């Protein structure tokens, strides 16, 4: 007997079942490839939207996604959103004869300013409490200040004290 004679004929039901399974398999493959194509299109669309949503960081200028929580370059939180939660600090170093040529320094938050005798510095600072560090030749130290929305904090510094010089602050808020 040859191998052809050993083959058993398949029943019509079995043949129909095989055709159906091949048809289902080809449909699944086609749908899967369609899903892959759609997934690739979605990914390309997301990438193009990401490119369109790049904006410069307001501090360093590097291109950053609008949805980024912070700038990867400088660390600024919400790098593309202008946050207007700031107010003004006006710091005046009162002119005094004994300090005519001696410079001073002022730092608060990330701002650092040099201040000569009789000069005034205007700073935009975030609303809230801050430590103002000063070194005004005669004395140095730290003063806690509170920045209030829609108010300008005016500080006038002058030298006081008979034996040990110290800085006297005159602090006022104006609208």
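We did not get these values from a lab; they are worked out from the coordinates using the rules stated. Keep in mind that this is a model prediction, so the values were computed, not measured. Reconstructed Cβ throughout: ideal geometry from the backbone, glycine too, with neighbour counts over all protein chains shown.
The table that follows gives values for the structure above.
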{"read-out": "Estimated FRET transfer efficiency when R0 is 35 angstrom, pair residue 55-residue 170 (beta carbons, to 0.05)", "value": "0.25"}
{"read-out": "Two-site FRET efficiency, residue 24 against residue 45, from Cβ-Cβ distance with R₀ of 25 Å, rounded to 0.05", "value": "0.20"}
{"read-out": "Label-to-label distance, nm, for residues given as residue 109 and residue 143 (7 Å Cα→Cβ offset)", "value": "1.8 nm"}
